[in-house]
1. Going 7 Å from the Cα of Glu50 along its beta-carbon direction, which residues of region 11-29 have the amide nitrogen within less than 14 Å of the resulting point?
2. Using a Gaussian network model of the chain whose springs link C-alpha atoms within less than 10 Å, name the residue from Glu83, Glu73, Glu33 with the highest mean-square fluctuation.
3. Suppose a student asked you for the relative contact order of the chain, using Cα pairs under 8 Å spaced at least 6 residues apart; what percent would you report?
4. Net charge around Ile3, counting only other residues with Cβ within less than 9 Å of its Cβ (Lys, Arg = +1; Asp, Glu = -1)?
5. Between Glu73 and Glu29, what FRET efficiency comes out of the Förster formula 1/(1 + (r/R0)^6) with R0 = 25 Å and r the beta carbon distance, rounded to 0.05?
6. Just to be sure I understand, if you calculate Cα extents along the principal axes in Å for this structure, which of (1) 54, 38, 20; (2) 38, 26, 25; (3) 66, 28, 21 do you get?
7. Can you list the aspartates and glutamates whose alpha carbon sits under 12 Å from that of Lys66, skipping same-chain ones fewer than 8 residues off?
8. Using a Gaussian network for the chain with springs between C-alpha atoms less than 10 Å apart, which of these wobbles most: Ile84, Ile17, Ile68?
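Just so you know, all these numbers are worked out from the coordinates, no wet-lab data involved. Not measured: the values here are computed from a predicted model. Cβ placement follows ideal geometry from the backbone for every residue including glycine, while neighbour counts extend to all protein chains displayed.
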Amino acid sequence: MFIVKKHTHNNQLLLSIIDEDLIGKKIVEGKKELNLTSTFYAGEEMSKEEILNLIKKAVQLNVVGKKIVSFLEKEGHIEHVLEINDIPYALIVINKN
């Protein structure tokens, strides 16, 4: 399972999706930090199928974790992956045109 937080701005959906085991953690490497304790990531548990359906409505994805990044890479949603302290993450803008 994964944790998904829905954010809406100007009637557009942004999704924050993280591996369930990362919620509440801080990932630090030098000056880089992913603060997964913030409410930005505090969402609800969802399955892979639920996430794929929700992505169809989103314009941007913020994903963190080995499982979700690997899954979305295989589904063709991620082109470039970054890492902080061996934790992969990606920011994806979805072109709706």
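1. Label zone hits: 16-20.
2. Result: Glu33 has the largest fluctuation of those listed.
3. Over the chain, the number comes to 30 percent.
4. Result for the neighbourhood of Ile3: -3.
5. 0.75
6. (2)
7. List returned: Asp19, Glu20, Asp21, Glu83, Asp86.
8. The residue with the greatest mean-square fluctuation here is Ile84.
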